[in-house]
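The block underneath contains the structure these notes are about, expressed in structure tokens.
No lab work stands behind these numbers, since they all come straight from the coordinates. The shown structure was predicted, so the numbers you read here are calculated from the model rather than taken from an experiment. Neighbour counts are summed over all protein chains in view; Cβ atoms, including those assigned to glycine, are modelled from backbone coordinates with ideal geometry.
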Amino acid sequence: MSKNHRAKAITLIKCLPMLAFVLATSGLSQARSENRNWIAGHVLMKECSEASALCKGYILGVVDAELALAETLGRKPFFCVPDEVTHANLQSIVIAHYEKNPRDGKNGAARAVLIAFTRAFPCG
């Protein structure tokens, strides 16, 4: 894992308590889908279509969490995002995934983000 990814993982871990507080107080608990995901896919799609801060934070959180889990568990990451990829690129990939797979709007958002990035950025 590169130093850049390691630094992102450490930042995520430090920010988790704040993120938990924001999610708990922002009314997002009402956006949970019936299968007990914190954010349903259709909610993330709407947020990403509006280029909201929630979309950016959620996507970066999924990326950072996956990298941290892969390192912690000693496994290869599900995806390898190149350093030159911007958040706008990531957001576009998520939106394109939902447009091609509208049924994923009924599932948890994290699942769709993981699938979209695994397809877009396979580790070689």
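Observations, loosely collected:
- In order through the range 40-51: 3J(HN,Hα) via Karplus (6.51 cos²θ - 1.76 cosθ + 1.60), integer Hz, x for Gly, Pro: 6, x, 5, 6, 5, 4, 4, 5, 6, 5, 9, 6
- On the beta carbon distance between A96 and A65, with R0 = 22 Å, the FRET formula returns roughly 0.55.
- Stretchable slack from T86 to T118, in nm (0.36 nm times residue separation minus alpha-carbon distance): 9.9 nm
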